[in-house]
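I have placed the structure first, in the form of structure tokens, so that the comments after it can refer back to it.
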Amino acid sequence: MKKFKILSIILGGLFLFTSMSYKTDEGDKLIGVWEPSNKKAKIKIDKISGKYYGKIVWLREPIDPVTKKPKTDKNNPDESLKNVPLKGFRMLKDFVYKGDGEWADGTIYDPQNGSTYNCVIKLRDDNTLDIRGYIGLKTFGRTDVWKRLVMKKKK
Amino acid sequence: MINYFLKTQVLALSVFVLWGCGEPEPIKTDVQKLETIARGPLFEGVNTATVEFDIQKILPNEVKKEQLSEVRIKSIQLALADSAAPVPNSFTVLLASPNTSMKECGFIQEESIKSNDYNVSLAKEQEFLEEILQDKMQTLVIDFDLKEDWFDDYTVTAVIDWELKFKN
Amino acid sequence: MNLKALMFSLFLLPLVTVAQEEEEEDYSMYDDLEYADESSTTFVSPKIIGLSPNRFINVAWDVQSPYTMNASEINDYAPDASWTTNESSNVSYTGGLRLNANIPVVSRNNIVWQMGANYMNTNFSIDEADPSNDPILSELNRHSLSTGGLFTTVFKPINDKQFLIFQGQADYNGNYTFSDFHSLGLTKYSAAVLWGKSPHDRLQWAIGASRTYRVGELNYVPIVMYNWTSKREKWGTEILFPARAHGKYWVNKSSLIMFGYELEGGSYHLSGLSNNGNSFELRRGEVRPRIEWNRKLVGFFWLNAQLGARINYGFAYDELENGKEFFRGFVGDDEIKAFSSLGTSLYGLVGISFVSL
């Protein structure tokens, strides 16, 4: 009986979901799960109140080798936030779609050193992002290549 | 895909405005109760519940949110609306607005959740709050790390105790 | 088959084939995703965790405590010959401005190419230096020593572990002024190439060779790089031997203490003592054991303060025929034109840098 209830919820939600999904914003191409070139994490980008945000949803090494506990944001400049779990941490914030496959005005956070950088994202193709974090001027920055991840196709 | 759903419940029971000489004056309000919702079905891992609200609704009529100054959060208490819903590993509470950057307000660790303590450990630095609350609207974001799948909507209630002051 | 898998098989999969690809994500198992097209190549990072801040722009002032400087007469000496003091004086002030800019031209995960410029000035205030009796000391007193240089560095990852570093530098050294430049033919060229590995995020090492003027005269030396940070990210080393070697301790994320040494020097054209197209060159090299404090000021601006000793390594003079450089090396017996000896002094340096972490 419970399964039928769940099924009806999913069907209802699914109908609503698919009927809305055909009219997606051009900027929504950013939405999805992405992997940086170092393959140490997977970042899910979603849209909240019209802006794009990315959170860490998977870590290759989720356990801190020193504490033997799940990794936290130990380098956060605010001492009181050093125990925020790294899994779920929003490292991309406040991106606004500017058109022509570019999202700007956002920031990227590097948990390895606790620094927040200005950031611009360019869609190289549907499944590849050029993400440039920089300090003030784009010259003082570095570009990484992120690849889109999708659900495994059933064989 | 998690959609965000707006459902704000504001309780503003009493307001006292104390007069000072040029210094920000405190506003006494009751706690604000907000219900953040993540649309199901949700899967194991990190999910997000959000709600948009306007802080103006809990302010007295004579105070505009643009006048807010020296804003702090005294406490945030979280609760799951559905007692059958899976308890997450952790919560992270964030605030955002259209013209400011999203900021972490606090979090609840796994150890606290296990001991049934849903009081949010708050960020010490809260200077960002003033700018967020003065913006045209605010979004409360709660990220939670689910241990198992959940096929329904997931509602997290946040009770926020603000410390608000305003300047004339 | 569990319920979730059943739901996906029956309903989600057929529907998502007509929806956009990002809607196909299965958020339940992030470790079971695949690439939408192909994987990106992983390249080793030029940085490790806990490396000292990389200075894009640096402005610093260096000053030394008073010391005695002796100089021989200008003559020809075999490198191992004894010499006697001809000139002797107290150097009451040695110091000057240091500017450095290191700008990324290309900075991607598969290559980092930086171009930079540096300017370093050293003023000597030598008491009672008499041009007729003390030609060398008077020449040093007359104009400060300046170094103006351009350099480039390329970090080229080979794969996710190995990398190559190329560095080239052109320095224009001497007691010139901006209104009295020397011949560009006197420019000194240095270069280094390294191959290395980064076995994990907290270690990178490399070996290579360099052509360098770091201790004054031209030399070709092997180099070893060893940058390491402890598991707790507190202690570590930053070594580029023989040029410099430091231990480090991160007090917190805004404060770094380093302790070690650096070799510093160059070959400087002294115009007042150069004749007939020959270049009279000061081969200056010094060892600076020191303690260094790096402290975050605001944002990406950091304070850099050093306190240590300046120990003379070499302060000799060569006369380059028609300005033509030669290689003496550690065992060569080419004649030296004159010597100086410098007493050890304390030194301090204070600078502000615009950095990347």
For this session: With only Lys, Arg, Asp and Glu charged, each at its Cβ (+1 for the first two, -1 for the last two), find how big the charge dipole of the stretch C:230-317 is about the Cα centre; round to the nearest 20 debye.
Result: 500
Problem set entry | Total charge dipole magnitude, the protein assembly as shown, about the Cα centre, Cβ charges on Lys, Arg, Asp, Glu only, Debye to nearest 20 | 1980
Exercise. Any idea how far the Cα center of the stretch C:283-357 sits from the one of the stretch B:70-89, in Å?
Worked result: 59
Problem set entry | Farthest positive-ward along chain B dipole, Cα basis, beta-carbon charges - from B:Met102, B:Leu146, B:Val31 | B:Val31
Problem set entry | Test item: A:116-122 mean partner chain Cβ contacts at 10 Å | 1
For this session: From other protein chains only, count the Cβ atoms within 10 Å of every residue's Cβ in A:85-97, then give the mean.
Result: 5
Exercise. Around B:Phe91, which amide H atoms from residues at least 5 apart in sequence, or from another chain, sit under 5 Å from its own amide H, with H modelled in the peptide plane?
Worked result: B:Ile108
For this session: Could you list which residues have their amide H under 5 Å from that of C:Tyr93, counting only those 5 or more apart in sequence or on another chain, with H placed in the peptide plane?
Result: C:Ser125
For this session: May I ask for the distance between the Cα centers of the stretch C:31-49 and the stretch C:85-105, given as a whole number of Å?
Result: 46
For this session: May I ask you to evaluate 6.51 cos²θ - 1.76 cosθ + 1.60, the Karplus curve with θ = phi - 60°, for each residue of the stretch B:138-154 and list the ³J(HN,Hα) values in order in whole Hz, giving x for glycine and proline?
Result: 10, 10, 8, 10, 10, 8, 9, 9, 6, 7, 8, 5, 9, 9, 10, 5, 10
For this session: For the stretch A:142-151, just list the computed ³J(HN,Hα) in residue order, Karplus coefficients 6.51, -1.76 and 1.60, θ = phi - 60°, integers in Hz, with x standing in for Gly and Pro.
Result: 8, 9, 10, 10, 10, 10, 6, 10, 9, 4
Exercise. Cα centroid distance between the stretch B:104-146 and the stretch A:60-86, in Å?
Worked result: 17
Seminar exercise, completed: Residues meeting the amide H criterion for A:Gly106 (H placed from the backbone, H to H distance under 5 Å, 5 or more places apart or on another chain) are A:Val96, A:Cys119
For this session: List the aspartates and glutamates whose Cα lies under 13 Å from the Cα of A:Lys69, skipping any in the same chain that are fewer than 8 positions away.
Result: A:Glu61, B:Glu110, B:Glu111
Problem set entry | For C:106-113, mean number of other protein chain Cβ atoms within 10 Å | 4
For this session: Kindly write out, for the stretch C:33-50 in residue order, the coupling ³J(HN,Hα) from the Karplus curve 6.51 cos²θ - 1.76 cosθ + 1.60 (θ = phi - 60°), rounded to whole Hz, with x marking Gly and Pro.
Result: 9, 10, 5, 5, 10, 9, 6, 7, 7, 8, 10, 5, 7, x, 10, 10, 5, x
Problem set entry | Length-normalised contact order for chain B - Cα pairs under 8 Å, 6+ apart - percent | 38
Problem set entry | When the convex hull of its Cα atoms is projected in every direction, mean area for the protein assembly as shown (nm²) | 37.5
For this session: Report the one residue of C:Asn90, C:Thr237, C:Thr122 whose Cα lies farthest in the direction of the positive end of the charge dipole of chain C (charges on C-beta: Lys and Arg +1, Asp and Glu -1; origin at the Cα centre).
Result: C:Thr237
Seminar exercise, completed: Per principal axis, largest first, the Cα atoms of the stretch C:23-124 extend in Å by 85, 32, 24
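Every read-out reported here was derived from the displayed coordinates using simple, explicitly stated rules and does not represent laboratory data. Since the model is a prediction, treat every value here as computed from it, not as a measurement. Heads up, the Cβs are rebuilt from the backbone with ideal geometry, glycines too, and the neighbour counts pull from every protein chain shown.
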